[in-house]
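Student: Submitted below is the structure of interest, expressed as structure tokens.
The values are calculated or read from the model by the stated rules, or taken from the named source; none is laboratory data. Keep in mind that what you see is a predicted model, and the values were worked out from it rather than measured. In this analysis, Cβ positions are derived from the backbone assuming ideal geometry, glycine residues included, and neighbour counts consider all displayed protein chains. Accessible surface is based on the protein model in full, side chains and every heavy atom, while ligands, DNA and RNA are left aside. Shrake-Rupley method; radii C 1.70, N 1.55, O 1.52, S 1.80 Å.
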Amino acid sequence: MNDQHRDGPDAAHTRPAGLDDKTVEALGKLSEALETVERARGHLYDLHQLIGHADLMLDDAVELLRAAGHGDMAERVATDVLGRNVIAGRWTFQIVEDFDDGYYTAFKDVEREAREKLAGGRRHLFEAEMKERRRTHGRAGHEAVPSSTAD
């Protein structure tokens, strides 16, 4: 067992020689921003699925309105809301696709390029160094890496 692996982060989470604190901090902020975009993307997919489910529920509402003798209201729901675009010309799947192909892809590409050019592709260096500062060395539950990777 290598002592460095037992007592410190693995090579993938060790700062390359010559990488300064400000760059590590900047890459950490860039990574944190991407994580926030990932969360927003999840909410966008929530919107996509919720709107889709609501649109399918309108079939039942239209049928029930007709069965209750409210044909005019059933027709209004069926023609004005059912299948309607969420924003001009787009259903939610189109919004998701545009987001994924545009903003999201550009953001991921820039974050990856910054890591590759500035830190040899290493991820989460800021967090790995924070873990090293905060953990209690030698204490159970505070290991640098899982025991299966310590060998």
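Student: Taking the Cα centre of the chain as the origin, how large is its charge dipole in debye, to the nearest 20, when only Lys and Arg (+1) and Asp and Glu (-1) carry charge on their Cβ atoms? It would help to have the intermediate numbers written out before the result.
Tutor: On the way: 21 positive and 30 negative charges, 128 e Å.
It comes to approximately 620 debye.
Student: Under unit Cβ charges (Lys, Arg +1; Asp, Glu -1), what dipole magnitude, rounded to 20 debye, does the range 64-151 have relative to its Cα centre? Intermediate results must be reported in sequence, preceding the final value.
Tutor: On the way: 15 positive and 16 negative charges, 95 e Å.
Here the range 64-151 has a charge dipole of around 460 debye.
Student: Additional query: In the range 91-123, which trypsin sites (Lys or Arg not before Pro) are in a loop and have at most 16 other Cβ atoms within 10 Å, using DSSP for the loop call?
Tutor: Working: sites: K108, R112, R115, K117, R122, R123; in loops: R122, R123.
Loop-located and lightly packed - R123.
Student: Just going by the charge dipole of the chain, with Lys and Arg at +1 and Asp and Glu at -1 on Cβ, which of A61, F107, G120 is farthest out on the positive end?
Tutor: In the chain, that residue is G120.
Student: Angle, helix 105-119 long axis vs. longest principal axis of the chain, Cα atoms, 0 to 90°, nearest 10?
Tutor: Helix 105-119 sits at roughly 0 degrees to that axis.
Student: Additional query: Read through the labelled values [x] 15.6; [y] 19.8; [z] 16.6 and report the label of the one computed as Kirkwood radius over Cα pairs in Å from the structure.
Tutor: For Kirkwood radius over Cα pairs in Å, the calculated option is [y].
Student: For the range 21-86, what is the accessible area per residue in Å² when the probe is 1.4 Å?
Tutor: On the way: 4670 Å² over 66 residues.
Ligands and nucleic acids excluded, the figure is 71 Å² per residue.
Student: Further question: Set the Förster radius R0 to 22 Å, insert the Cβ-Cβ distance between K131 and A11 as r into 1/(1 + (r/R0)^6), and round the FRET efficiency to 0.05. Write out the running numbers ahead of the final one.
Tutor: Working: r = 15 Å, r/R0 = 0.68.
Rounded to the nearest 0.05, the efficiency is 0.90.
Student: Just to verify a number: FRET efficiency for W91 and R112, C-beta to C-beta distance, R0 = 30 Å, to 0.05? Mind showing how you got there, number by number?
Tutor: Values: r = 30 Å, r/R0 = 1.01.
With R0 = 30 Å, the Cβ-Cβ based efficiency is 0.50.
Student: To the nearest µm²/s, what D does Stokes-Einstein give for the range 1-90 at 37 °C and 0.692 mPa s, using the Kirkwood radius over alpha carbon pairs as Rh? Before the final figure, lay out the partial values.
Tutor: Working: Rh = 18.3 Å.
Taking Rh from Cα pairs, D becomes 179 µm²/s.
Student: Here's a follow-up. Taking Cα atoms, how many degrees apart are the long axis of helix 21-67 and the longest axis of the chain, rounded to 10 and kept between 0 and 90?
Tutor: 20 degrees
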